[in-house]
1. Test each condition in (1) more than 23 Å from the chain's Cα centre (by Cα); (2) at pLDDT below 90; (3) not in a strand (DSSP E or B) for residue 471 and report the one that comes out false.
2. Only residues that are within 18 Å of the chain's Cα centre (by Cα), surrounded by 24 or more Cβ atoms within 10 Å (Cβ to Cβ) and in a loop (DSSP other than H, G, I, E, B): list them for the range 189-243, please.
3. Give the range 296-311 a look and list any residue that's touching a Gly at 6+ places or on another chain (Cβ under 7 Å) and in a helix (DSSP H, G or I), or say none.
4. Give me the pairs: first residue in the range 425-449 and more than 21 Å from residue 523 (Cβ to Cβ) and without any contact (Cβ under 8 Å) to a residue 12 or more places away in the chain, second residue of a type in the set (Phe, Trp, Tyr) and surrounded by 13 or more Cβ atoms within 10 Å (Cβ to Cβ), beta-carbon distance under 6 Å, and six or more apart or on different chains, which are they?
5. Somewhere in the range 404-415, is a residue modelled with pLDDT of 85 or more, of a type in the set (S, T, N, Q) and either in contact with a strand residue (DSSP E or B) (Cβ under 9 Å, 6 or more places away or on another chain) or under 30 Å from residue 589 (Cα atoms) (or both)?
6. Check the range 398-409 and report whether any residue there is among the charged types (D, E, K, R), assigned to a loop (DSSP other than H, G, I, E, B) and over 30 Å from residue 498 (Cβ atoms).
7. Taking the conditions exactly as written (in contact (Cβ under 8 Å) with a residue 12 or more places away in the chain, in contact with a Leu (Cβ under 6 Å, 6 or more places away or on another chain) and either in the same structural domain as residue 90 (by TED's automatic domain parsing) or more than 16 Å from residue 90 (Cβ to Cβ) (or both)), does residue 608 satisfy them or not?
8. How many residues does the range 257-295 contain that are under 15 Å from residue 207 (Cα atoms), in a loop (DSSP other than H, G, I, E, B) and in contact with a Pro (Cβ under 6 Å, 6 or more places away or on another chain)?
Amino acid sequence: MQQALQVLVDEPAIDREFTYLLPPELAAGRVPVSVGTIVRVVLNRRRLRGWVTELDAPAPTGLKLAPMSGVVGVGPPPHVVDLARWAAWRWAGTRAHFLRTASPDRVVKGLPASRPVNLPNAVSDEGAGTPEWMRDAFGAGADEIRSEPQCPADQSELSAAADAEPAADSVVRSAGADRLPTVVRLGPCADEWPLVVEAMRHGRSLVLVPTVAWAARLAGRLRQAGVSTALFPRDWAGAASAHAVVGTRAGAWAPCGRLDVVVVLDEHDEAYQQEAAPTWNARDVAVERARRDGARCLLVGPMPSPDALTLGGRAAAGPDADPEPDIGPDSGVGSVAMAASAVIAAARPDEREAWPRVQIADRRQDDPATGEWCGEALAELLRSDGTVVCVLNRAGRARLAYCASCGELARSGLTGRALRLEKQQFADPDSGDVRPAVCEFCGATRFRRARVGVKGVADEMERLARRPVTQVVGGAAPDAAVVGTGPGASDGHGTPAALCIGTEAVLHRVPSADAVAFIDFDQELTAPRYRAGEEAFALLVRAARLVGPRSGGGTILVQTRLPAHPVLAATAGADPSDWLRAEAQRRAEMRQPPAATWALVSGTAAPGYIDNLSAGLNASALDIAGPADGTWRIRSGDRVAMLDALSAAGRPSGRLRVAVDPLRA
């Protein structure tokens with residue numbers, strides 16, 4: 001009797017399984033058929049790819065089952081297939097989206113033979129010591145690792161770090177104390193290598209980083225240290241047996257077996273989140289994967305995100321959680337205030353050293369004659385001999401307005417967002433309310449707009465600095481070197497020009513600088529997005545890595561009319577704790593993620609979907625507003641109830657986009 005299988009076809013619009021028969025010739029083929037195997041089937045006279053989701057499925061009565069057309073190759077393992085089902089619930093998507101990411105981009109007919117797991121006693125980078133502060137983070141000792149065979153490594157390369165100072169061992173061990181994520185605050189210029197090294201010692205590890213270049217460097221360094229390492233997705237098949245798997249966003253879906261340690265570096269980085277729906281975040285997937293495997297999980301970065309601090313209380317929530325956790329608005333579980341005490345950070349002198357010097361230039365104190373974009377501090381910096389990178393996230397005109405008398409920025413008293421100046425009236429970008437254009441600080445009625453973009457500033461900057469200026473915008477090749485355009489700006493071999501200006505893309509094009517200057521940082525601090533402060537902080541982190549640690553003498557110059565903003569105070573003091581508390585309080589008061597769960601619904605089928613939501617499961621727990629510009633905003637303080645409602649609501653035919661907790665909202 002032929003075996004019946006359940007197959008999920010690779011068609012997101014369908015998102016359902018069909019039962020097929022497995023012919024004997026395919027069952028005896030080179031690729032064994034199991035849950036996750038990629039197969040070919042015929043559905044409605046179309047040949048489609050799909051994934052096996054169940055073996056020995058019950059055959060429907062009264063129907064003649066069609067046979068599968070063929071077996072394509074190895075696919076994601078069963079536990080990753082099950083993880084895709086959870087992710088489809090978490091981000092209101094379909095399983096096919098996630099299984100595509102988890103599948104190899106080339107046909108894989110078989111996996112390499114299982115290799116012994118390499119558990120080196122120590123890994124070092126040419127004698128680099130392990131910071132003392134890490135003693136408090138990795139919980140249970142290495143003797144708790146599941147029994148695995150050990151393969152030889154180059155112990156001459158793998159010895160110095162642990163012998164010098166076993167602090168990273170404590171970091172990894174405490175991460176496993178309760179199997180909830182541990183947030184580790186590591187300065188932007190600090191070396192993450194000792195932490196990664198200690199993770200390797202505690203068993204099979206998954207390490208996520210935000211960029212491809214970073215992943216390649218880290219994987220190469222681990223291989224040089226004698227650790228069997230797979231770089232995902234290039235080494236898709238090797239990830240199944242490697243001791244360490246290193247990848248970017250897609251690496252959260254690597255086909256590695258049961259994990260012992262999961263490390264997410266720069267967990268705040270936007271690169272971890274998919275912009276297209278479903279708007280899944282690799283950090284959240286990694287945390288859920290660690291929870292299912294009982295693995296230690298470390299979320300590492302210079303600025304702990306509010307989302308990371310709440311993941312500990314919410315990691316167990318899902319469609320299969322038993323018993324269902326209470327994470328409602330009154331439960332207190334997963335609150336930022338509770339989780340913040342679990343943050344592990346370096347000693348204050350060490351953390352301060354890992355940040356460069358941050359100079360806050362208050363534009364309100366400048367003489368109006370200095371001009372619209374250039375204050376006295378910036379002019380002095382531009383005339384220096386060092387390599388200076390200037391950032392201005394504006395190609396055209398901005399909507400910011402400031403008082404012509406006292407220089408104060410026009411902002412909403414409720415949200416702190418910048419107001420738009422429209423025909424002598426201020427308009428609130430959130431509520432749409434308007435009021436007369438009167439300064440709340442001095443009562444003046446004359447305001448100026450910030451108009452100049454990158455191109456206009458570059459022309460004036462070249463005359464002011466009396467040296468060539470290179471413009472860098474987001475359209476350049478991702479890894480292109482910045483080369484000057486004027487005489488003497490470059491040696492013609494990819495050497496960065498001495499003076500560059502551009503949007504934030506310039507921070508990814510220039511390898512290093514003596515100084516980074518943000519010409520108009522208020523545009524970042526007051527952006528009409530709930531994550532504006534977090535995004536502004538991330539820009540400062542990226543700039544800090546360009547100029548190096550405090551001992552290197554580099555400087556970040558920030559021009560602003562909001563010098564007391566918590567983000568600026570946090571970076572100037574090299575301590576984001578106060579900013580985190582202020583940000584958590586603000587988001588709780590405004591019912592913004594992670595204090596509440598949001599979803600943006602748009603598309604031609606959105607009205608029908610909203611009707612289904614309003615009449616469906618847990619409708620009373622949802623706050624539905626809109627439409628505004630064709631988009632409905634849904635929010636709820638009960639995440640499980642909201643995600644259950646989104647999953648249960650029928651989707652009408654037509655284009656529909658459901659973005660859960662999107663970045664740009």
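1. Here residue 471 meets the rest and fails (3).
2. The answer is 209, 232.
3. Going residue by residue through the range 296-311, those that are touching a Gly at 6+ places or on another chain (Cβ under 7 Å) are 296, 302, 310.
If the condition is that a residue be touching a Gly at 6+ places or on another chain (Cβ under 7 Å) and in a helix (DSSP H, G or I), then 310 is the only one that fits.
4. Listed pairs, sorted by first residue: 435/426.
5. No, the range 404-415 has no match at all.
6. Yes, the conditions are met somewhere in the range 398-409.
7. Criteria not met by residue 608.
8. Residues meeting the conditions: 2.
The values are calculated or read from the model by the stated rules, or taken from the named source; none is laboratory data. Given the structure is predicted, the values throughout are model-derived calculations rather than measurements. Cβ atoms come from the backbone with ideal geometry, glycine included; neighbour counts cover every protein chain shown.
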